[in-house]
1. How many residues are modelled with pLDDT of 85 or more, surrounded by 15 or more Cβ atoms within 10 Å (Cβ to Cβ) and among the hydrophobic types (A, V, I, L, M, F, W, C) if we restrict to segment 19-51?
2. Note down all Cβ pairs under 9 Å where the first residue falls in segment 110-134 and is part of a helix (DSSP H, G or I), the second is open to solvent by 30 Å² or more (accessible area, probe 1.4 Å) and aromatic (F, W, Y), and they're at least six residues apart or on different chains.
3. Take S152 and decide whether it is modelled with pLDDT of 85 or more and open to solvent by less than 40 Å² (accessible area, probe 1.4 Å).
4. Out of curiosity, is Y188 in a loop (DSSP other than H, G, I, E, B) and either under 21 Å from A171 (Cβ atoms) or open to solvent by less than 30 Å² (accessible area, probe 1.4 Å) (or both)?
5. In segment 78-87, is there at least one residue being touching a Phe, Trp or Tyr at 6+ places or on another chain (Cβ under 7 Å) and touching a residue at least 12 places away in the same chain (Cβ under 8 Å)?
6. Within segment 16-45, which residues are under 11 Å from the mean Cα position of the chain (by Cα) and assigned to a helix (DSSP H, G or I)?
7. Do we have A216 as without any contact (Cβ under 8 Å) to a residue 12 or more places away in the chain and either open to solvent by 60 Å² or more (accessible area, probe 1.4 Å) or out of contact with any strand residue (DSSP E or B) (no Cβ under 9 Å at 6 or more places or on another chain) (or both) here?
8. I need every pair where a residue in segment 32-47 that is touching a residue at least 60 places away in the same chain (Cβ under 8 Å) has its Cβ under 9 Å from the Cβ of a residue that is assigned to a strand (DSSP E or B), sequence separation at least 6 or different chains.
Amino acid sequence: ERNESGWDIQYERGKENIFSKWDIEHQLEKLFKRVVWLDHGSFIVIEEGEAMTTIDVNTGKNTGKYNKAQTIRETNLLAAKEAMRQIKLRNISGMILIDFINNPVPEDKHQVIKVIEQCIQQDATTVKIIGYTELGILQLTRKVSSPSLLQSSTLPCPTCHGTGRVESAEATAFRMEREVYQYRNGDYTYVEIAVSKDVLALFTGENSFYKEKLEADTGLEIKFIIADNKYANYHISKLS
């Protein structure tokens, strides 16, 4: 089936969790990693901050022993495409600086710009190319429309007081729900889950209907046990 937007829609009727079947969980995990690997062993490093986001391009294992200039050109073009893909998927906005591998050839820099311009056409959010700085760093801006994936799915780490991030209670709860759904329509009737207090709060009190709905949808009796953990976390301790 194809909808008005041109998307192909397929209704999944199987019992298997679609997040597992289509490897979505693994792909989501990759969106929180700093290092994103490219072809031939090169990679980019994404550092998202409050004031700006920096993306550093590295050849890594791709040393280009025989043609260094070509290696730099290919790596920069791959990095440009992947950087724009990650920016869109992670919903990164504001000032963005991409530090490509130094390449003195003007035409190669223009090719990088062309790749980015093509990627911008596929992004519904407004992206503007400011240009290269004197140090060869490309400046972009992307309109802020909503919090980034990192901002909406994580909280400042209570141990390092903001220099790192930990998964939020809401994101942990959604992940737990997806795992519990894998056991619906199976041979199990009871599940016991050890959860941190902040995750438990989302399923009890005024929000107890979330627990009741999860039990109704899965056919499982769910029991929560408070785990002594200062970070949002859960663990399925018993399944029968």
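1. 6
2. I113/Y132
3. Numbers: modelled with pLDDT of 85 or more: yes; open to solvent by less than 40 Å² (accessible area, probe 1.4 Å): no.
Considered against the rule, which asks whether it is modelled with pLDDT of 85 or more and open to solvent by less than 40 Å² (accessible area, probe 1.4 Å), S152 comes out as no.
4. On the way: in a loop (DSSP other than H, G, I, E, B): yes; either under 21 Å from A171 (Cβ atoms) or open to solvent by less than 30 Å² (accessible area, probe 1.4 Å) (or both): no.
It is false that Y188 is in a loop (DSSP other than H, G, I, E, B) and either under 21 Å from A171 (Cβ atoms) or open to solvent by less than 30 Å² (accessible area, probe 1.4 Å) (or both).
5. Taking every residue of segment 78-87 in turn, at least one turns out to be touching a Phe, Trp or Tyr at 6+ places or on another chain (Cβ under 7 Å) and touching a residue at least 12 places away in the same chain (Cβ under 8 Å).
6. Scanning segment 16-45 gives I24, E25, H26, Q27, L28, E29, K30.
7. On the way: without any contact (Cβ under 8 Å) to a residue 12 or more places away in the chain: yes; either open to solvent by 60 Å² or more (accessible area, probe 1.4 Å) or out of contact with any strand residue (DSSP E or B) (no Cβ under 9 Å at 6 or more places or on another chain) (or both): yes.
Considered against the rule, which asks whether it is without any contact (Cβ under 8 Å) to a residue 12 or more places away in the chain and either open to solvent by 60 Å² or more (accessible area, probe 1.4 Å) or out of contact with any strand residue (DSSP E or B) (no Cβ under 9 Å at 6 or more places or on another chain) (or both), A216 comes out as yes.
8. The qualifying pairs are F32/T154; F32/R165; F32/E167.
The values are calculated or read from the model by the stated rules, or taken from the named source; none is laboratory data. Quick caveat: nothing in here was measured; it's all calculated off a predicted structure. Here the Cβ is made from the backbone with ideal geometry for all residues, glycine too, and neighbour counts use every protein chain on show. Please note that ligands, DNA and RNA were not included when accessible areas were found on the heavy atoms of the full protein model with its side chains. Shrake-Rupley method; radii C 1.70, N 1.55, O 1.52, S 1.80 Å.
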